[in-house]
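Structure first, then comments.
The values are calculated or read from the model by the stated rules, or taken from the named source; none is laboratory data. The structure presented is a predicted model; accordingly, all values stated were derived computationally and were not measured. Heads up, the Cβs are rebuilt from the backbone with ideal geometry, glycines too, and the neighbour counts pull from every protein chain shown.
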Amino acid sequence: MKIKYFAWLRERLNRGEEEVSPPPEVVTVADLIQWLRSRDEAADLAMQKPQLIKAALDTEIVPHTAAIANARVIALFPPMTGG
Amino acid sequence: MAVRLQTAPFDPGAETNTFLEANAGAGAAVTFTGLVRSEPGDPVATLTLEVYPELAEAQIGRAIADAVVRFGLIKAAVIHRYGPLHPGEPIVQVMTLAPHRHAAFEGAEFLMDFLKTDAPFWKKEATSEGERWVEAKAEDDDARERWNRND
């Protein structure tokens with residue numbers, strides 16, 4: 001699956017997107033964030049406060065409890081500051 | 001198209017006039033235009049907006065559909081810019097058309113409150129001190145949340 005990152009999360013990770021293949025035990029957005037953090041130090045630091053990270057599965061913003069299995073694109077990003 | 005995302009500047013008056021062209025049954029139109037702010041004590045040279053376009057179009061499209069039903073609007077439209085912007089330039093415009101003024105005002109305010117917290121844009125300010133990401137404000141969350149209450 002493809003993960004997209006935005007704003008300061010993208011900057012801290014130094015990448016806007018990546019392809020990942022999480023293991024089957026990664027079921028929810030919360031699991032995915034923990035798994036991404038376990039893979040590299042930059043991700044661990046950037047997402048050390050998971051409550052600051054919002055998630056979207058395709059074109060739907062979802063809570064961290066949402067299951068990621070059917071998503072084509074998962075986006076992770078800080079709170080939005082539009083308008 | 002009720003949602004438009006673009007980097008180019010837009011003419012707020014011309015957009016309003018176009019929006020008002022087909023207005024059968026309408027008695028009230030509200031236009032809100034958001035501008036790039038720069039305080040004299042802390043001047044901003046450039047405000048850069050990052051966007052997730054697919055999600056922004058989906059989110060704003062749903063919010064417009066909600067606003068039309070909830071307030072009985074005839075129609076509503078949102079223009080939102082992204083990329084580098086400069087002080088005084090328009091960032092965003094929300095336009096609503098309704099039979100009566102309360103619906104038009106409330107619909108526009110609902111959409112603006114939604115854009116602040118639920119549309120995937122992120123603002124970065126460049127000042128003489130360097131660059132900084134604009135932080136989300138609790139008051140914007142509160143403004144958004146009041147539309148979820150039954151009062």
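Couple of notes before you dig in:
- Some residue of region B:6-22 being farther than 21 Å from A:M80 by Cα, of a type in the set (S, T, Y), without any contact (Cβ under 8 Å) to a residue 60 or more places away in the chain and not in a strand (DSSP E or B): yes
- Residues in region B:32-47 that are in a loop (DSSP other than H, G, I, E, B) and within 23 Å of A:A7 (Cα to Cα): B:V36, B:R37, B:S38, B:P43.
- Across region B:58-95, the qualifying residues are those that are under 28 Å from A:D58 (Cα atoms), more than 14 Å from chain A (Cβ to nearest Cβ) and of a type in the set (V, I, T), and the one among them that is surrounded by the most Cβ atoms within 10 Å (Cβ to Cβ) is B:I64.
- Where a residue in region B:112-124 is more than 7 Å from chain A (Cβ to nearest Cβ) and its partner, wherever it lies, is part of a helix (DSSP H, G or I), with Cβ under 6 Å and at least six apart: B:D113/B:A143; B:D113/B:R144; B:F114/B:A63
- In region A:7-29, the residues that are on the phi > 0 side of the Ramachandran plot reach residues that are part of a strand (DSSP E or B) and among the acidic types (D, E) with C-beta atoms within less than 9 angstrom, at least six apart or across chains, in these pairs: A:A7/B:E50.
- Residue under evaluation B:E131, criteria (1) closer than 30 Å to B:A22 by Cα; (2) within 12 Å of chain A (Cβ to nearest Cβ), criterion not met: (1)
- Scanning region B:32-39 for residues that are at pLDDT 95 or above, over 21 Å from the mean Cα position of the chain (by Cα) and not aliphatic (A, V, I, L, M) turns up nothing.
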